[in-house]
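I have placed the structure first, in the form of structure tokens, so that the comments after it can refer back to it.
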Amino acid sequence: MRRSALARRISAKEARDNFSDVLGSVHYTKEAVIVEKQGRPFAVLISPEDYERLLRAREERFAALDVIRRKNPDLSPEEAEADAAREIEAERRERREAREQQSA
């Protein structure tokens, strides 16, 4: 399930003054909250599930990059990154198709 990329933005003062409410909002709605200082993003509060998903995605990307670099040591970092992105997307597509077939 993919949520909107939009996140609520609040000032650091508002976050400090309403910290418990902000945490509750993130927990129950799963909506990210961007905390700003002087109008610029300073920190982001996200749900534990989103945090775990981000960690898994990062680990997938690093693992794919390692495999690609071992197989193709002459690739530039940009080429290796592009190959990793394509491999990860292909794997995700396969998983999604397999889930759709199971539920059909």
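Determine whether the range 19-30 contains at least one residue that is in contact with an Asp or Glu (Cβ under 7 Å, 6 or more places away or on another chain) and among the hydrophobic types (A, V, I, L, M, F, W, C). There is no residue in the range 19-30 that is in contact with an Asp or Glu (Cβ under 7 Å, 6 or more places away or on another chain) and among the hydrophobic types (A, V, I, L, M, F, W, C). Number of residues in the range 44-88 that are of a type outside the set (S, T, N, Q) and within 27 Å of Ile34 (Cβ to Cβ): the value is 21.
The set of residues from the range 35-68 being surrounded by fewer than 16 Cβ atoms within 10 Å (Cβ to Cβ), more than 14 Å from the chain's Cα centre (by Cα) and not aromatic (Phe, Trp, Tyr) comprises Lys37, Gln38, Gly39, Arg40, Pro41, Ala43, Ala63, Asp66, Val67.
All of the numbers you see were taken from the coordinates with simple rules; none came from a lab. Note that the structure is a prediction, hence the values are computed from the model and not measured. Ideal geometry is used to build each Cβ from the backbone, glycine not excepted, and the neighbour counts take in all protein chains shown.
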